[in-house]
Number of protein chains: 2
Amino acid sequence: METLRLFDFLPSANGYKIRLLLTQLGIPFERINFDITKNETRSPDFLSKNPNGQIPVLEVQPGQYLAESNAILIYLSEGTEYLPYDRWQRAQVIQWLFFEQCNYAYIATPRLWISILHQYDQHRTEIEKLYQHGYTALQIMENHLQTNNFFVGGRYSIADISLFAHTHVAPEGGYDLTQFPAIGTWIERIKSQPGYIDITEE
Amino acid sequence: METLRLFDFLPSANGYKIRLLLTQLGIPFERINFDITKNETRSPDFLSKNPNGQIPVLEVQPGQYLAESNAILIYLSEGTEYLPYDRWQRAQVIQWLFFEQCNYAYIATPRLWISILHQYDQHRTEIEKLYQHGYTALQIMENHLQTNNFFVGGRYSIADISLFAHTHVAPEGGYDLTQFPAIGTWIERIKSQPGYIDITEE
């Protein structure tokens, strides 16, 4: 089998989801960096791999490209302990992946503007609006984690990986996570999983 | 088996995805309407079913609730002709579902404001911004459909159902679809599928 190639941007939490899962699965991969702050994902070559112009993209076979971080998580985790075999549990994992997709931009965009692009002043008003939605999503997660160690079925799955990726770096976007103690405990629980790597660890 | 119950709002394209698939699968279901324009999904009873406060929600078993329209599509279509068994094709279907989830709000929100809430004037500026992103997404779909009859594997799947639901009513949000001829042909192709029902058909 060819080595998998991951088209990625190191600070990206969406890219990190895939790096974390691949590392925990013990699957070797080659990481190819595209600096989104320099529009490197807008080149004709990149757009031929993902017309949407976004990382991460996984080259599954030479010339076969899969986009959308949560779709890649499902693809890689099928048949592994990270995606439940039980139909109802699997449905709940996928439900949380779509919840994440609906809400992550509220959490990711302030981090992009503040910590990656250093444009807080010019986006101040939009950031305040995003906080309203982002805190609502965090409260839903907090409520769920008050009675669950992990998001689905009492065990670590790609639902946790997906939600963890953006949530644990939310403070880099100005979010205050100290008001969500169950999220805080869950973050530490994820960090103690076998094979855990940090977001910018290569 | 109990009759499935679908918590739904008739004009909702997200709800329609589930109604269309259930009808095409020949699975009977009871539709329970929640008028989102009257905040009926914000009641404590509804929030106990989906803390996110959104329809559709499928009651799979008494007391077991599944939210997120695309997660419900995957759940219902597993093992049927609407979700490919082939791993790579299935991955592509799920990729398009996440693409839809990333982009549908650009297409759905103008329709909500213009045709359902009749608030065009107060949202005019936001609607113009949404059009920019929405037309980009439509162009990606158009390009793909220029060389594909359906989104994945040359056959009708939940990727088509999901993308069709919001796209075919985009003109109710002021979108001009006449500039996308391949989308137009694809829309007619979907409407000719066995078991097709209209969005507000009960």
Q) In the neighborhood of A:L22, defined by Cβ-to-Cβ distances under 13 Å, what is the net charge if each Lys or Arg adds +1 and each Asp or Glu adds -1? A) -1
Q.
Treating only the Cβ of Lys, Arg, Asp and Glu as charged (+1, +1, -1, -1), what charge dipole size does segment B:87-191 show about its Cα centre? Round to the nearest 20 debye.
A. 440 debye
Q.
Only bridges whose two residues both fall in the protein assembly as shown count here: according to DSSP, what percent of them are antiparallel, nearest 5?
A. 60 percent
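Relative to the Cα centre, what is the charge dipole magnitude of the protein assembly as shown, using +1 at the beta carbon of each Lys and Arg, -1 at the beta carbon of each Asp and Glu, and rounding to the nearest 20 debye? Kindly include the intermediate steps, with their values, before the conclusion.
Working: 30 positive and 46 negative charges, 30 e Å.
The dipole of the protein assembly as shown has a size of about 140 debye.
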Q | Cα gyration tensor shape for chain B, rounded if a/c is under 1.5, else prolate or oblate | A | oblate
Q.
Within 10 Å of each candidate Cβ there may be at most 12 other Cβ atoms; applying that plus a DSSP loop requirement, which chymotrypsin sites (Phe, Trp or Tyr not before Pro) in segment B:66-133 survive?
A. B:Y85
**Q.** For B:E59, net neighbour charge (Lys/Arg +1, Asp/Glu -1) across residues whose Cβ lies under 10 Å away
**A.** 0
Q: Sort segment B:5-106 into rounded, prolate or oblate with this rule: let a ≥ b ≥ c be the square roots of the eigenvalues of the Cα gyration tensor; rounded if a/c is under 1.5, and if a/c is not under 1.5, prolate when a/b is larger than b/c, oblate otherwise.
A: prolate
Q: Return the average number of partner chain Cβ atoms within 10 angstrom of each residue Cβ along peptide A:61-72.
A: 4
Q.
If neighbour count is taken as other Cβ atoms inside 10 Å, put A:T41, B:T109, B:T37 in order from fewest to most.
A. B:T37, B:T109, A:T41
Q. Hey, what D do you get for segment A:74-167 in µm²/s if you plug the Kirkwood alpha-carbon radius into Stokes-Einstein at 37 °C and 0.692 mPa s?
A. 228 µm²/s
**Q.** Fewest-first sequence of A:R124, A:R111 by Cβ atoms within 10 Å of each Cβ
**A.** A:R124, A:R111
Q. With charges set only on the Cβ (+1 for Lys and Arg, -1 for Asp and Glu), what does the dipole of chain B come to about its Cα centre, in debye to the nearest 20?
A. 260 debye
**Q.** Principal axis dimensions, the protein assembly as shown - Cα atoms, whole angstrom, descending
**A.** 52, 48, 46
**Q.** Cleavage-rule hits, GluC sites (Glu not before Pro), segment B:1-75, DSSP coil, Cβ neighbours within 10 Å at most 10
**A.** B:E2
Q.
Checking the cross-link filter: which lysines have an alpha carbon closer than 29 Å to that of A:K17, excluding same-chain neighbours under 8 positions apart?
A. A:K38, A:K49, A:K129, A:K191, B:K17, B:K49
**Q.** Per-residue HN-Hα couplings for segment B:34-47 [Karplus 6.51, -1.76, 1.60; θ = phi - 60°; Hz; x = Gly/Pro]
**A.** 10, 7, 5, 6, 10, 6, 5, 8, 9, 6, x, 5, 5, 5
Q. Under the definition of Cα pairs under 8 Å and six or more residues apart, what whole-number percent is the relative contact order of segment B:87-191?
A. 37 percent
Q. Out of the DSSP beta bridges found with both residues in chain B, what percent are antiparallel (nearest 5)?
A. 60 percent
Q) When the Karplus curve 6.51 cos²θ - 1.76 cosθ + 1.60 is applied with θ = phi - 60°, which whole-Hz ³J(HN,Hα) does each residue of segment A:132-138 get, with x for Gly and Pro? A) 4, 5, x, 5, 4, 5, 5
Q: Please report A:K38, A:K17 as a ranked list, fewest other C-beta atoms within 10 angstrom at the top and most at the bottom.
A: A:K38, A:K17
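Taken together, the values in this text are just the output of simple stated rules run on the coordinates, not laboratory data. A quick note: this is a predicted structure, and the numbers were derived from the prediction, not measured. All Cβ positions, glycine included, derive from the backbone under ideal geometry; neighbour counts span all protein chains shown.
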